[in-house]
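Scroll down for the structure; my scribbles are underneath it.
The values are calculated or read from the model by the stated rules, or taken from the named source; none is laboratory data. Since the structure is predicted, the reported quantities are computational estimates derived from the model, not experimental observations. Every residue, glycine as well, gets a Cβ built from its backbone with ideal geometry; the counts of neighbours run over all protein chains shown.
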Amino acid sequence: MTLALFLIAATSLFAQTSIVAENYYVSSNGSESSQCGGYDLPCARIYYVSGRILPDGSKLCIINIQPGTYTEPAVGITNSRVRFVGLNPENTIIIDYETRSTSLYTVSNGLLLVQNLQAQNRATKSKEPLFSLTGSGSIRIDGCRFTKYQESSSYGPILGAIQGRVTVNNSRFVNIPFSNAAALQFGALVDSVFIADSSFQNLVNSLGHGSAIYATMSQTQILSVERSQFIQCSSSEGGGVGLIELGRRTSSASQMFILLDCKVSECTSEGYGGAFYFRGVDDFVIYVIYLM
């Protein structure tokens, strides 16, 4: 028996002292003026601030969001550095336009940190994620809560990434029905995923694998889930909680799936794996640390 120990160092996405921060303010009773954004004249929507963000990433745009409900159109974040901060998490809600056909926020090579917000997806006809990572950038979700919009039927993913780095910390995903989607979806070119101190409860994927996580792991990818709980998660196919799909192993690369100090309760699947279903191609290497 071989004992493998892994030391993983994580660096804050925004801990670069050379970056200058600019603060903006948003209020549901705010202004639509081109001059809005200051503390005394907040903008009525996040969208009005996003158009002023420098695309070269030379500044960190901090958008302070007052309590209220915001219906927002889609925004692309290319090379920008953006931080959303809810000033009262329980009463700060973002709702996307029902008719959108793209992700609400799409990040390519930029950085997006979302803190202390509630988000509700009402675009039931769209299978695009609320948040998308399409390039080598990063998304961090911290202290957020995601729920369904009223009694709508089913949704696409909350977060979908095909490249880059993703961190989800101290967040809740509650009472969301999916159809052929999971709350968090990761493609083969994603560098790393770190999920910690989060809760996934009453998630249902009525058509497909996994309700909380669907991950297609590449040769160098790490997917780490720590101190989190999965309660009453179910899917119509393999993996009530999640599907972990593994690629081919090479001599210089391996894949790591780490499940540390987590709780799984009342999760079911009509296929393989009531909790996690691992599906691989040829030989693969996987490290699982599972402590209850």
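Table for the structure above
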read-out: Only listed residue being modelled with pLDDT of 90 or more and buried (at least 21 other Cβ atoms within 10 Å of the Cβ), chosen from 211, 192; value: 211
read-out: Yes/no for residue 92 being of a type outside the set (Asp, Glu), surrounded by fewer than 18 Cβ atoms within 10 Å (Cβ to Cβ) and under 18 Å from residue 113 (Cα atoms); value: no
read-out: Scan of the stretch 214-250 for residues that are modelled with pLDDT under 90 and touching a Lys or Arg at 6+ places or on another chain (Cβ under 6 Å), ordered by number; value: 245
read-out: Of all residues in the stretch 132-152 being over 15 Å from residue 81 (Cβ atoms) and more than 12 Å from the chain's Cα centre (by Cα), the one that is modelled with the highest pLDDT; value: 134
